[in-house]
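The structure appears below as structure tokens.
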2 protein chains.
Amino acid sequence: MIEPSSSRPLSDAALDRLFREARTHNAWRDEPVPETTLRALADLMKMGPTSANCCPARVVFVVSRQAKARLEPHLSAGNRAKTMAAPVTAIVGYDMRFYEKLDRLFPHEPEAPSWFNSSQEKIRANATRNGALQVAYLILAARSLGLDCGPMTGFDAPGVTKAFFEGTAVEADVLVNLGHGDPSGVKPRLPRFSFEEFCAIA
Amino acid sequence: MIEPSSSRPLSDAALDRLFREARTHNAWRDEPVPETTLRALADLMKMGPTSANCCPARVVFVVSRQAKARLEPHLSAGNRAKTMAAPVTAIVGYDMRFYEKLDRLFPHEPEAPSWFNSSQEKIRANATRNGALQVAYLILAARSLGLDCGPMTGFDAPGVTKAFFEGTAVEADVLVNLGHGDPSGVKPRLPRFSFEEFCAIA
């Protein structure tokens with residue numbers, strides 16, 4: 001069923017949770033994230049829009065001690081301790097052969113792969129643009145579910161790709177620690193641009 | 001003030017609005033979006049996390065008939081009529097000189113520009129990754145404020161860059177129509193992957 005659109009904003013509490021008071025977390029309470037929550041998270045993030053529904057993001061939720069140990073050597077020094085302490089680290093990669101799945105995701109248009117796969121440059125641009133959209137959907141879906149996030153790009157991406165996506169066309173791009181954050185590890189809020197510094201109305 | 005994290009999810013109505021029932025809109029009610037709403041939207045989207053707070057997205061909200069006319073020739077045929085009918089079209093571009101603003105956005109670390117500007121490839125990868133995250137923040141912030149969205153990549157990006165960002169280092173990447181959608185223009189929901197098709201737990 002399509003909901004009629006509504007001009008009422010979400011509650012202030014929801015806007016705070018998603019955007020205004022949400023913060024990147026660096027310390028974690030010792031509280032596991034159940035698999036049901038990870039599945040609910042995936043079910044929300046996958047609904048966000050991508051170009052021709054191409055959905056290039058692939059996610060490995062690193063939970064076990066063994067998998068964390070495989071991840072550890074590829075983390076930058078500043079991201080190591082906090083990532084090892086996080087209950088879950090989501091490795092988000094982008095499938096560089098995403099266009100092969102369009103028969104499943106965009107079934108009414110058999111020509112859809114040709115919109116993307118005419119050059120390696122185009123494949124990569126679409127995988128990274130749409131994959132990054134999906135990273136942001138994951139972050140905001142996690143916050144929607146009451147989880148805290150610690151997204152990171154400080155890691156050896158080829159190393160993580162080899163450790164977790166070998167034999168596939170998926171390339172790791174972003175890590176997101178997930179769990180219940182300890183507010184004592186949150187750094188002071190950094191400045192943002194004023195409206196005029198990054199927006200215009202034409 | 002830092003809010004303590006909470007394990008309670010947002011309400012089902014909020015999850016529906018953001019993810020589950022939200023849809024890409026193609027037809028628009030004749031109802032303007034006030035400038036106060038566009039400013040509230042910018043204030044929410046800018047809070048989303050980016051690498052070292054680099055915030056590369058720049059937005060032109062195209063509202064006037066004159067600015068819409070400048071946009072029109074660069075739209076793909078399938079996106080033309082709906083974009084001309086939308087109350088607002090946000091042009092999101094990424095500033096390829098974003099690292100020059102880190103003294104303002106990441107002031108405690110004078111070395112921060114060097115994390116990004118060591119090569120054109122690195123600049124571009126970071127601008128596009130983080131800029132696309134901000135596109136998704138814009139989409140979900142708009143939905144949070146009760147607006148409907150119609151994001152698109154079907155347009156001549158160099159043409160839009162020239163028409164709206166000439167003389168800057170900003171490159172247009174995504175358009176997002178904004179307004180109050182007419183549900184009659186919404187297409188059937190496309191399939192999504194099952195958990196096992198795009199996720200794993202390790």
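The values are calculated or read from the model by the stated rules, or taken from the named source; none is laboratory data. Quick caveat: nothing in here was measured; it's all calculated off a predicted structure. Neighbour counts are summed over all protein chains in view; Cβ atoms, including those assigned to glycine, are modelled from backbone coordinates with ideal geometry.
The condition of being free of Cβ contacts under 8 Å to residues at least 24 places away in the same chain and in contact with a Ser or Thr (Cβ under 9 Å, 6 or more places away or on another chain) holds for only one of B:19, B:61, that being B:19. The number of residues in the stretch A:174-185 that are at the interface with chain B (Cβ under 7 Å from one of its Cβ atoms) and surrounded by 18 or more Cβ atoms within 10 Å (Cβ to Cβ) comes to 2. State yes or no: is residue B:146 within 22 Å of residue A:19 (Cα to Cα), part of a loop (DSSP other than H, G, I, E, B), touching a Lys or Arg at 6+ places or on another chain (Cβ under 6 Å) and of a type outside the set (Phe, Trp, Tyr)? Yes, satisfied.
Here residue A:72 meets the list (1) in contact with an Asp or Glu (Cβ under 7 Å, 6 or more places away or on another chain); (2) surrounded by fewer than 18 Cβ atoms within 10 Å (Cβ to Cβ); (3) not polar (S, T, N, Q) almost entirely, failing just condition (1).
Note on the stretch B:71-103: residues that are under 23 Å from residue A:132 (Cβ atoms) and among the basic types (Lys, Arg) amount to 2. Checking A:97, A:124, A:104 one by one, the residue that is farther than 21 Å from residue A:29 by Cα and either within 13 Å of the chain's Cα centre (by Cα) or touching a residue at least 60 places away in the same chain (Cβ under 8 Å) (or both) is A:97 and no other. Do we find a residue being at pLDDT 95 or above, part of a helix (DSSP H, G or I), within 28 Å of residue B:109 (Cα to Cα) and touching a His at 6+ places or on another chain (Cβ under 6 Å) anywhere in the stretch A:117-135? No, the stretch A:117-135 contains no residue that is at pLDDT 95 or above, part of a helix (DSSP H, G or I), within 28 Å of residue B:109 (Cα to Cα) and touching a His at 6+ places or on another chain (Cβ under 6 Å). Scanning the stretch A:150-194 for residues that are part of a helix (DSSP H, G or I) and not basic (Lys, Arg) yields A:157, A:158, A:159, A:160, A:161, A:163, A:164, A:165, A:183, A:184, A:185.
Kindly evaluate residue B:63 against the criterion of being at the interface with chain A (Cβ under 7 Å from one of its Cβ atoms) and within 30 Å of residue A:42 (Cα to Cα). Here the answer is no, as residue B:63 does not meet what is asked. Among residues of the stretch A:148-164 that are touching a residue at least 24 places away in the same chain (Cβ under 8 Å), those with a beta-carbon under 7 Å from a residue that is polar (S, T, N, Q) and part of a strand (DSSP E or B) at least six positions away or on a different chain give the pairs A:149/A:24; A:149/A:177; A:150/A:24; A:150/A:177; A:151/A:24. Taken together, the residues in the stretch A:38-76 that are within 29 Å of residue B:150 (Cα to Cα) and among the polar types (S, T, N, Q) amount to 3. Checking each residue in the stretch A:125-156 for being more than 10 Å from chain B (Cβ to nearest Cβ) and surrounded by fewer than 17 Cβ atoms within 10 Å (Cβ to Cβ) picks out only A:156. The residue that is surrounded by the most Cβ atoms within 10 Å (Cβ to Cβ), counting only those in the stretch B:98-123 that are within 16 Å of residue A:157 (Cβ to Cβ) and more than 10 Å from chain A (Cβ to nearest Cβ), is B:116. Here residue B:197 qualifies as among the acidic types (Asp, Glu), within 9 Å of chain A (Cβ to nearest Cβ), farther than 27 Å from residue B:38 by Cα and in a helix (DSSP H, G or I).
Residues that are facing chain B (nearest Cβ under 7 Å), in contact (Cβ under 8 Å) with a residue 60 or more places away in the chain, within 30 Å of residue A:99 (Cβ to Cβ) and of a type in the set (Val, Ile, Thr) do not occur anywhere in the stretch A:24-44. Kindly indicate whether any position in the stretch A:5-21 is within 21 Å of residue A:168 (Cα to Cα) and more than 9 Å from chain B (Cβ to nearest Cβ). Among the residues of the stretch A:5-21, not one is within 21 Å of residue A:168 (Cα to Cα) and more than 9 Å from chain B (Cβ to nearest Cβ), which makes the answer no. The set of residues from the stretch B:13-39 being outside any strand (DSSP E or B) and among the aromatic types (Phe, Trp, Tyr) comprises just one member, B:19. Does the stretch B:40-66 hold any residues that are more than 27 Å from residue B:184 (Cα to Cα) and in a helix (DSSP H, G or I), and which are they? Hits for the stretch B:40-66 are B:40, B:42, B:43, B:44, B:45, B:51, B:52, B:53, B:66. Would it be correct to say that residue A:159 is out of contact with any strand residue (DSSP E or B) (no Cβ under 6 Å at 6 or more places or on another chain), under 24 Å from residue A:67 (Cα atoms) and more than 9 Å from every other protein chain (Cβ to nearest Cβ)? Yes. For the stretch A:97-113, a residue qualifies if it is over 15 Å from residue B:197 (Cα atoms) and of a type outside the set (Asp, Glu), and the qualifying residues are A:106, A:107, A:108, A:110, A:112, A:113.
Examine the stretch A:161-170 for a residue that is out of contact with any Leu (no Cβ under 8 Å at 6 or more places or on another chain), surrounded by 15 or more Cβ atoms within 10 Å (Cβ to Cβ) and closer than 27 Å to residue B:152 by Cα, and state whether such a residue exists. Checked the stretch A:161-170: at least one residue is out of contact with any Leu (no Cβ under 8 Å at 6 or more places or on another chain), surrounded by 15 or more Cβ atoms within 10 Å (Cβ to Cβ) and closer than 27 Å to residue B:152 by Cα.
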